[in-house]
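Written below as structure tokens is the structure these notes are about.
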Amino acid sequence: MLGLKLATDPYWVNIAEKTIDEILIDHAYCEQKAASTCISLIVKYPDRKELVEEVTPIVAEEWGHFRKVLKELQKRGYEFGPNRSDDYVAELMKFQRQGGREEDRLMDKLLISAMIEARSCERFRLLSLHISDENLKSFYHEFMVSEAGHYRTFLDLAKKYAPADEVKKRWQEMLEFEAEIMSNRAYRGDRMH
């Protein structure tokens, strides 16, 4: 369904659950940044009616996810901790065109958002299937379902603002670009991506 070119080895879950505090902290920051990204899209493109209508509920949902992960951290006695850079997203941002038409830049922003949601969905699925903590299995299943919906929303929005064939071509380029990023990344037990 997601079309990712390079799947995460389920072994990543073994690494992640050894430092589940770090994974939860990073997850909280991912949710916070997702909400901020959606707000930025609305602020930058207030004239794009469908975008504003589709992305506004995602802001609320992502912020709700942030609060839910914070609650899980507190329940387990973990501190939220200082912000950390997201190397995965920084690498993805290199895909975004800087010049040219505004429509192309918007398409890239939406596709990058779709990619982040797709990779998150894939990782949440692995956690929901393979983590030994039964409570976290259901916790991550809920996130997986949500991220799949967000992924689809961002792809559909890209097709509202650009011809479908251009979006399809650019999405394939994005999938290849992201696979290259993933092939050069070591599995880390302190990051969602």
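The values are calculated or read from the model by the stated rules, or taken from the named source; none is laboratory data. Worth saying up front: this structure is predicted, and the values here are computed from it rather than measured. All Cβ positions, even for glycine, are placed from backbone atoms using ideal geometry, and neighbour counts span all protein chains on display.
Couple of notes before you dig in:
- Residues of region 1-29 classified as touching a Ser or Thr at 6+ places or on another chain (Cβ under 7 Å) and hydrophobic (A, V, I, L, M, F, W, C), total: 1
- Qualifying residue in region 88-108 (condition: of a type in the set (S, T, N, Q) and either touching a Cys at 6+ places or on another chain (Cβ under 8 Å) or more than 21 Å from E178 (Cα to Cα) (or both)): no
- Those residues of region 33-51 which are in a helix (DSSP H, G or I), farther than 17 Å from D156 by Cα and not polar (S, T, N, Q), in sequence order: K33, A34, A35, I39, V43, K44
- Near pairs, Cβ below 6 angstrom, 6+ apart or cross-chain, from region 5-33 (within 23 Å of H65 (Cβ to Cβ)) to any residue that is charged (D, E, K, R) and modelled with pLDDT under 95: T19/D190; E22/D190; D26/R191
- Condition check for E17: acidic (D, E), out of contact with any Pro (no Cβ under 7 Å at 6 or more places or on another chain), assigned to a helix (DSSP H, G or I) and modelled with pLDDT of 95 or more: no
- Test: residue in region 86-99 that is charged (D, E, K, R) and farther than 29 Å from E142 by Cβ: yes
- Selection within region 85-103 - of a type in the set (D, E) and crowded, with 16+ Cβ neighbours inside 10 Å: D86, E91
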